[in-house]
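The structure is given below, and queries will be raised subsequently.
The values are calculated or read from the model by the stated rules, or taken from the named source; none is laboratory data. A quick note: this is a predicted structure, and the numbers were derived from the prediction, not measured. Cβ sites come from the backbone with ideal geometry, for glycine too, and all protein chains shown count toward neighbours. Ligands, DNA and RNA are excluded from the accessible area calculation, which covers all protein heavy atoms including side chains. Shrake-Rupley method; radii C 1.70, N 1.55, O 1.52, S 1.80 Å.
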Amino acid sequence: MNLNKIQKKDIIPPEKDIGTMFFDRVRRYGERPLLTYKDEGRWKDLSWIDAAETVRNVAMGLMELGFEHS
């Protein structure tokens, strides 16, 4: 695949959006690590469920500030 010619339809199936795909993976992978990061010299994992909780908290905060779903 030529990276210069990638289109949205090549990346995201038309029936799904990024949020749906993310939460599908949260259900699938649960407590498995989404990513690993270094904190004060020690490696730590962030699970899919922990990431979903952070996403939800950010979304709720944005809604409290008046942002709306489009």
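How many nm is it between the label spots at Tyr29 and Glu68, if each spot is 7 Å from the Cα in line with the beta carbon?
So the two model labels end up 3.4 nm from each other.
Considering only protein heavy atoms, what is the solvent-accessible area of Trp48 at a probe of 1.4 Å, reported in Å² to the nearest 10?
Near enough 40 Å² of accessible area.
Would you rank Leu35, Leu65, Leu46 by solvent-accessible area, highest first, keeping every protein chain in place and using a 1.4 Å probe?
Largest accessible area first, the residues go Leu65, Leu35, Leu46.
Another one. Under the Karplus relation 6.51 cos²θ - 1.76 cosθ + 1.60, θ = phi - 60°, what is the ordered set of whole-Hz ³J(HN,Hα) values for the range 35-48, x standing for Gly and Pro?
Couplings: 8, 10, 9, 9, 10, 6, x, 10, 7, 10, 9, 10, 6, 4 Hz.
Cross-link candidates for Lys16: which aspartates and glutamates have Cα within less than 16 Å, leaving aside residues fewer than 8 places away along the same chain?
Within the straight-line cut-off, Lys16 pairs with Asp24.
Can you list the residues, at least 5 places off or on another chain, whose amide H is less than 5 Å from the amide H of Ser47, using H built in the peptide plane?
Distant-sequence amide H within range of Ser47: Leu34.
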